[in-house]
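No lab work stands behind these numbers, since they all come straight from the coordinates. It should be emphasised that the depicted structure is a prediction, and the values quoted were computed from it without experimental measurement. FYI the Cβ positions are ideal-geometry reconstructions off the backbone, even for glycines, and counts take in every protein chain you see.
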Amino acid sequence: MTNAWTDIKNTDLVVIMGGNAAEAHPCGFKWVTEAKANRGAKLIVVDPRYTRSASVSDYYAPIRQGSDIAFLMGVINYCIQNDKVQWDYVKAFTNAAYVVKDGFAYKDGLFTGYDETKRDYDRSSWDYVIGEDGYAVVDDTLQNPRCVWNLLKEHVSVYTPEMVNRICGTPKDKFLKVCEMVAECSSKTKTMTSMYALGWTQHSKGAQNIRGMAMLQLILGNIGVRGGGMNALRGHSNIQGLTDLGLMSNLIPGYLNIPTEKEKDFATYMSTRGFKPLRPNQMSYWQNYKKFFVSFQKAMWGKAATLENDWSYSWLPKLDVPSYDILRAFEMMKNGQMNLYFCQGFNPLQAVPNKAKLAEALGKLKLLVIMDPLETETARFWENHGVYNPADPSAIKTEVLQLPTTCFAEDEGSLVNSGRWLQWHWPGGSPPGEAKTDSAIMAGVFLRLRDLYAKEGGAFPDPIVNLDWRYADPKEPKAEELAKEMNGYVISDVMDPADPTKKVLEAGKQLASFGLLRDDGTTASGCWIFTGCFTEAGNMMARRDNSDPDDTGMYLKWSFAWPANRRILYNRASCDIDGKPWDPSRKLIEWDGAKWAGYDVPDIAPTAKPHDVGPFIMNPEGVSRLFTRGMMRDGPFPAHYEPFESPVVNVVAPKIKGNPVARVFKDDLSQFAETASPEFPYAATSYRLTEHFHYWTKNNHVNAVLQPESFVELSEELAKEKSITNGGWVRVWSKRGSLYAKAMVTKRIRPLTCDGKTIHVVGIPIHWGFIGAARKGFPANVLTPFVGDANIETPEFKAFLVNLEASSGPATS
Amino acid sequence: MNMELSRRAFLRTAGAGLAGTTLGAMGFGAVEEAMAAAIRPFKLANTTETRNTCTYCSVACGIILYSKGDLRKGERAEITHVEGDSDHPTNRGTLCPKGAALLDIIHSKSRLQFPMLRKAGSDRFERVSWDEALDKIARAMKDDRDANFIATNKDGVTVNRWTTTGFLAASATTNETAWCTYKVVRSMGIVAFDNQARV
C-alpha cells in the first residue's frame, strides 16, 4: 500500500477491482464503510462475480477475468477524451512532457524490438531523448508528438467503450458509468483509492494490471494524497515483510539486487547503479545504493567484508537467469536438477499451479524438509489418499523430514502489514510438544554446516564460516538481536570532517535513520528501509500510542512504518507545485516557506524547495512515470493480452497468444488449452472465502464447520445448459487435471458477451485438500496452468479454461 | 450478561457469610451453594494478557491472547482465549470469522509436535530426535553443496551459486525470523530462494 488501512476513511471513491476486500480483508474493509458513512464516499466494484464487496457497492460492473488492462486503458482513454485530467499534477509530477526516442513504437500488440525466438524485447528504444546537457528532453507544452502524453493518448485510443465491451464483456453503459464516477476524481478536491489484491497479480500480465491503475491514479492526481493511492491488500500477515527483506531469488533486503553473471565485479555491478538524475536538482535517492549495499554486506559478514575484498561482493551468488523463482524451481525439480528442498511454512503442493506436475517433481527430490506449525499436503505428498492424492509410497524415494515450529502465538517479533507498519508482538503460550522457533531451526542447521566446513573444508566455505553470528545464544538468536541488526548500527566511530574532535557516529550505537548509512564500512544494516525501527530510543515497532491528531488516520506514534515512519508514500505530491495542499481539508504536509511539515513524515528532503525538487524522489526524473522506459519486460505502456488460456482471440492483436514475453517451459506449453477451445469452453477463475484462509483454516475446527466442503460456483444459465443442479456433484477438468466438487448455482455469476460470443465464468474456491478438519476435497491448483507474470512470475491462477459436467461425485465419497 | 454478573457477585458475597444471614437461618444454605457452584467462573480471571497480531491477512488486526500461566515468569502458558484488541487503530477490536476462531488454530489437532522422518519408500512418518533431524539436514546439504556448487561459469567469472538445493520461505513468520533465514540461505549461495509473496 502507498497509504494505510486507516487512511481509506479519507477517500471519496473506492474502486475495488482485482480484489474482494469485504470477504478477504473484512476488518480492513471497515474503513470503506467509514468513508461511505462519514464522507459520503462511493464504492465501485468491477469483478466477474457479484461478490460481497459488490453487494454493498454503489455501482457494480461485470468484467471477464484477464481483461483488466483493456478496461483500465479504456478509462484512461475516456479521461483524456473528456479532459478529465488533473492537469497541474500531470504536468508537474509525471513524465507526460518527456520526449521519447524516435525508434519506439507499438503495432499489432507488440512494441519495438520484439524477438519471437527469445520471447523478449530489445528495449533500447524504450527511453527518453537525452539532451546535450545530459538531461532528458521535455516539452512542457505537450505539443511534441513524441512526448509521453501524446504517445499515451495514441496508445489508449483503441480502447473505446465499444472495444472495452468487445474484450471485457462489460456492457457499454456500465463501463461509461464507471468512467464518469472515476473521472470526477480528477478534481483537486476529490480523491479515489484503488484496493486490489491477487485478482490483479495472478495473471501473466499482473504487473501491468497494477501499472494500468497506477497510471490512471496519476492522471487523476491521486498518488501521495490522503484517501488516494495504490493499495495492494497483501494476503498473509507478513508477506510484505518477507518481500521487503528480499527472500526471493534475485533480491537483497530493501529492494537491492543480487548480481547477475554480467556483473563480474563490484565496480561493474555499481556502474549501472549510479542513478544520475535525469533532470536538474532531483534527489534520485537510489544514488545512495552503495551505502545500502555496503551496510548490508557488513551486516552479513562483519569484519570479513572489507574495502580490499570489495565488501565480499563475490560471496553473493550471481544469477545466470533472471530468477530461480518457485516455478523454475519446480521445473528443475521435475527435470531432476534439484536434490534438496525446504518448505518453511509454505504448502506448495496446494499453492503452486498444476498439482500433478508438483507431485511428480517432489518425488524426484532426495530430501524434502518441512518446517511448519501444521500438517501440510506437501509433507505428505507421498501418501495415498485415493482420488484426492493418488500415490504409491513404495515407489517414491524422497525422504521427508517434518519439523514442528512455533506459531504466531508462541513467537516474538514484528510483522509488516499492508500499510508498511512494522508491528511488534509477544508470545502468549508455550509451544506444543517439541516445537521450536524457525530461528532456532535455521541456527541449528547453520551451526552444524559451519562446523562441517570448519572440520572438513569443502566447496567455498568462506561466506559460511565468516557469516556474522554474534548472538548471545548462537543456537537461538533472539528477536530483539535480529531486529537491531536489521535496523543497523555503527561499527566504528565516525568523526565530523569539519571538526575531528567531534563524533558524528559512535561505535556500537543503533542508527536512527537510513540517511546515516555509509559506504565506507563504518555502518551495518540488514535492511536499509527498516532503519529507524530499533534505535537508541528503543523498539519503535512496539510503540502503542494510538493518538491521531485531527483524526487524519496517520497514527504516527503507533508502531513504525517504513520508510522513516512515513505513512503515505510520495506525500509531497499532496501539494501543488508551490507546496500548498491540493485540498486544504485534507492537508497532509505543506511547505511553510522554509521547510516541509505536517501530519506525516515528509517524503522529501525537509528543506527541498517546492519548485526545484520533484516528489518522486526515488526516480531519477523526480516525477512519476506514465511511460516506464525499459523497466518492465512487456512494455512501457500496458497493452491488452489475453490469458494463456482464453475463450476468445485477442481482438486488438489476433496473432498473439498470452503475454508475448512471459516465460513458458516447453512441457507446459503443450498443457495449455487452445484459444477458444471447444474442449475447454468455460472461463474459470479461483478465489478465497471469508471463512477460510488458504490451506490453513481447514485445520481449524470452527472454520471447517463454517465451510466444510469444496464447491464450484456457476451461473443458473450454465447449470441449465449442463443439467447441473444446485448442491449436486460436478466434475471440472482442465488440460492438467480433474476435480469433483458440489455445484453452487448462483445469480452472482452471469454469462458475459464478448465480441458476440457468450462466455460462461466458473468460480473455484481454493481451500480444500486431503489434510485437516474439513472434508477431503480438491485444491484449485489441480486445474491451473504453470505460467507466471512476465515480470515477476506470479502464476496465472485467475484466468484459465475448463470443462464441466454433472457427476455422481468421486468414487470414494 | 450484566444481570448474570451482578447475581454472581451477589451470590459470592451471600455465600461467604451465609450461616449468619437470614437466608441461612431459613435453611436455604445448600441451595445457594449449589447455585453458586453451577455458575461458570470468570473465564478471564487470573489469565495473563499478551498483545499479538492476527496470523492471517495483512490487515494485521491487533489481538489479545489470554493465557493460563505467564511465560514472562518462566511458567508454562496455555492460551485459553483470544480476542480483538480494541486499542488497535486498524481493527478497533473487531475480528473476522477467521480471526475470531484463532484459538482453534493455536490448538489445532493438526499442530506438529515432534520431528518426524519419512524414509524412502515408506508409507509412514517415524519420530526422530532434533539432533538426528538437524544432523541429517546438515550432512545432506554439505554433500549436495560440495558436489554441485558452481564456483565459476564457463567464461571464468566467479558466480558462487548453488542451484541444486532450494528454499521456500514463509509468509507469516516474523521479520526477525526472515532475516535470520535470509542470512543462512544466502551465505550458502542458494539461488532457488523464494517466498509465498510469489503466489
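Laid out as a table, the results:
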| quantity | calculated |
| --- | --- |
| Beta bridges per DSSP with both ends in the protein assembly as shown, % antiparallel, nearest 5 | 60 percent |
| Hits among aspartates and glutamates - C-alpha to C-alpha of residue A:153 under 15 Å, sequence gap 8 or more where chains match | A:83 |
| Proximal lysines to residue A:9, defined as alpha-carbon separation beneath 27 angstrom and excluding residues fewer than eight positions away on the same chain | A:30, A:36, A:42, A:84, A:174, A:177, A:188, A:190, A:557, A:580, A:587, B:98 |
| Whole-Hz ³J(HN,Hα) from phi, Karplus 6.51 cos²θ - 1.76 cosθ + 1.60, for segment A:240-256, glycine and proline x | 5, x, 4, 6, 4, 7, x, 7, 9, 3, 10, 10, 10, x, x, 6, 8 |
| Simple label model, 7 Å out from Cα along Cβ direction - residue B:42 to residue A:493, nm | 5.6 nm |
| Shape call, chain B: gyration tensor on alpha carbons, a/c limit 1.5 | prolate |
| Alpha-carbon centroids, segment A:162-230 and segment A:296-350: separation in whole Å | 37 Å |
| Label-point gap, in nm, between residue B:75 and residue A:709 - each point 7 angstrom along Cα→Cβ | 4.5 nm |
| Whether the protein assembly as shown is rounded, prolate or oblate, judged on the alpha carbon gyration tensor where a/c under 1.5 counts as rounded | rounded |
| Environment charge at residue A:380 (Cβ cut-off 13 Å; Lys +1, Arg +1, Asp -1, Glu -1) | -2 |
| In sequence order, calculated HN-Hα J values of segment A:580-587 (Karplus, 6.51, -1.76, 1.60; Hz; x Gly/Pro) | 9, x, 4, 10, x, 6, 10, 4 |
| Spacing of the two label points (7 Å from each Cα toward its C-beta) at residue A:465 and residue A:124, in nm | 4.6 nm |
| Cβ-derived FRET efficiency at R0 56 Å, residue A:180 paired with residue A:805, nearest 0.05 | 0.85 |
| Computed over chain A: relative contact order in percent, which uses C-alpha pairs under 8 Å that are six or more apart | 16 percent |
| For residue A:560, distant residues with modelled amide H under 5 Å away | A:422 |
| Backbone HN-Hα couplings from phi across segment A:557-570 [Karplus 6.51/-1.76/1.60, Hz, Gly and Pro as x] | 9, 9, 6, 9, 10, 8, x, 6, 6, 7, 9, 10, 5, 6 |
| Links that overshoot a 18 Å alpha carbon limit, given the list A:355/A:722; A:366/A:397; A:318/A:475; A:698/B:119 | A:355/A:722; A:318/A:475; A:698/B:119 |
| CD proxy at 222 nm, helix term only [per DSSP H run n ≥ 4: -39500 (n - 2.57); per residue of chain A; nearest 500] | -6000 deg cm²/dmol |
| Peptide B:63-73, shielding by other chains (average Cβ, 10 Å cutoff) | 3 |
| For segment A:666-807: rounded, prolate or oblate by the Cα gyration tensor [a/c cutoff 1.5] | oblate |
| Cross-link partners of residue A:478 among aspartates and glutamates (Cα-Cα below 14 Å; sequence separation of 8 or more within a chain) | A:410, A:411, A:412, A:438, B:176 |
| Centroid-to-centroid separation of segment B:126-154 and segment A:260-292 [C-alpha atoms, Å] | 37 Å |
